[in-house]
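Scroll down for the structure; my scribbles are underneath it.
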Amino acid sequence: MFKLVTLEDAIRIPPERFGEDIDNVGYEQLKMKYDGMVDEELGYVVAVTEIRVNPFGKIIPGDGATFHKVQFSLLTFFPKIQEVIEGEVVEIAEFGAFIRIGPVDALLHVSQLMDDYISYDERQGVLMGKETKRKLQSGDHVRVRITAVSLGRSGGSGKIGVTARQPFLGKIEWIQKDIEKMAADGESPVDAAEAKPAGE
């Protein structure tokens, strides 16, 4: 889930930057510090926004720079366990698919793709179900549920695991076909979703 987080910090403006727009200098420094950060509390930092630098700074003896308090917002992506999210397949491997969700790639392991025996065609870059003949390849859009999140310590890349082995998850075309089949059979998609435990 994306969210805006408001924070406070302090920036150091070196003497050679005196006279420049204080907000621009502050933005550059905060961007270097926060852009791309992965944090256990913040999640994945996507962008720094809405900067307000206090024009009154402090001087520390022995340092010619000024130090200013700054308020700013961060656009972050914080994946939550059990959250359902859509993304694009960006890579296929023998062990699964990488799904781009927000600013990060999550792993959809082959065991979590579908209730079928899955084979990997390296030449075509495809994962395919033996009985269903359903194929997954780069560029496909999928709906998945987040099952594992490990953001690690500050500065790490983090890891996200997802599943498509629940009702109305998987490749978007598969979901649409399942809904159409249920409608033709006179079944309600809501009843089918409730009939299967969420943990399966």
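Bear in mind that the values in this text are calculations on the coordinates, not laboratory data. Just so it is clear, the model here is predicted, and its values are computed rather than measured. Virtual Cβ from ideal backbone geometry, glycine too; neighbours counted across all protein chains shown.
A cut-off under 13 angstrom between Cβ atoms defines the neighbours of Gly125, and their net charge, with Lys, Arg +1 and Asp, Glu -1, is -3. Cβ crowding within 10 Å ranks Ile11, Ile179, Ile99 as Ile179, Ile11, Ile99, fewest other Cβ atoms first. How big is D, in µm² s⁻¹, for the stretch 2-77 by Stokes-Einstein at 25 °C and 0.890 mPa s if Rh is the Kirkwood radius over C-alpha pairs? The diffusion coefficient I find is 189 µm²/s. Taking label points 7 Å from Cα along the Cα-to-Cβ direction, Ile60 and Glu8 give a separation of 1.8 nm. Summarising the amide proton neighbourhood of Ala93: residues at separation of 5 or more, or on other chains, whose placed amide H is nearer than 5 Å comprise Phe98.
Backbone N atoms of the stretch 1-24 closer than 17 Å to the 7 Å Cα→Cβ label point of Phe67 belong to residues 8-15. Counting Lys and Arg as +1 and Asp and Glu as -1 over every other residue whose Cβ lies under 14 Å from the Cβ of Lys31, the net charge comes to -4.
Remark: relative contact order (the chain) = 18 percent; criterion is Cα-Cα distance under 8 angstrom and separation of 6 or more residues. Going by neighbour counts of Cβ atoms within 10 Å, the residues Tyr27, Tyr120 line up, fewest first, as Tyr120, Tyr27. Just round it to a whole percent: the fraction of Cα-Cα distances in the stretch 84-195 exceeding 25 Å. Here the tail beyond 25 Å accounts for 25 percent of pairs.
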